[in-house]
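Coordinate-derived values only; no laboratory data. Small disclaimer: the values here were computed from a predicted structure and weren't measured. Using ideal geometry, Cβ is built from the backbone for each residue, glycine included, and neighbour counts are taken over all protein chains shown.
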């Protein structure tokens with residue numbers, strides 16, 4: 001999220017555009033317009049507004065991990081000692097600054113943080129865990145799960161129409 005104000009409501013055409021853009025942000029305004037029944041210029045104005053209001057937080061290229069030598073993904077649960085606030089804050093900053101931390105969530109339950117970590121190999125993960133996790137005085141414990149197969153990997157947000165369907 002960008003923290004921008006969403007003063008302009010999102011209508012069904014905006015929702016349809018967002019669904020299509022989540023699948024392929026590089027599709028042209030002409031193609032989008034033909035799919036939602038708008039002119040290319042109208043599509044461009046709507047997309048510009050969706051960006052300005054923060055409905056479109058960012059647009060990125062999704063890179064195949066194998067293509068760049070990142071062949072292992074880990075899901076890591078981390079339990080921290082909140083009595084060491086400065087240590088927890090420092091740990092969060094280090095995790096977020098490391099590009100191998102693909103996603104990080106502060107959660108409820110048995111652990112406090114859930115991380116999605118993408119690395120080259122076991123040695124790279126060992127380096128990650130030693131430098132980022134084990135060196136933290138706020139760390140109580142962590143559990144690593146190796147992803148065997150990504151059954152569904154994506155960041156698409158389900159978008160309902162204005163009636164909630």
(request) Within segment 123-165, work out how many residues are assigned to a loop (DSSP other than H, G, I, E, B) and within 19 Å of residue 66 (Cα to Cα). (result) 9
(message) I'd like the full set of residues that are in contact with a strand residue (DSSP E or B) (Cβ under 8 Å, 6 or more places away or on another chain), part of a loop (DSSP other than H, G, I, E, B) and loosely packed, with under 11 Cβ neighbours inside 10 Å, limited to segment 95-111.
(response) 110
(request) Name, by its number, the condition in (1) in contact (Cβ under 8 Å) with a residue 24 or more places away in the chain; (2) out of contact with any strand residue (DSSP E or B) (no Cβ under 6 Å at 6 or more places or on another chain); (3) within 22 Å of residue 154 (Cβ to Cβ) that does not hold for residue 61. (result) (1)
(request) Inspect segment 18-37 for any residue being in contact (Cβ under 8 Å) with a residue 12 or more places away in the chain, under 30 Å from residue 112 (Cβ atoms) and loosely packed, with under 15 Cβ neighbours inside 10 Å and give the result as yes or no. (result) no
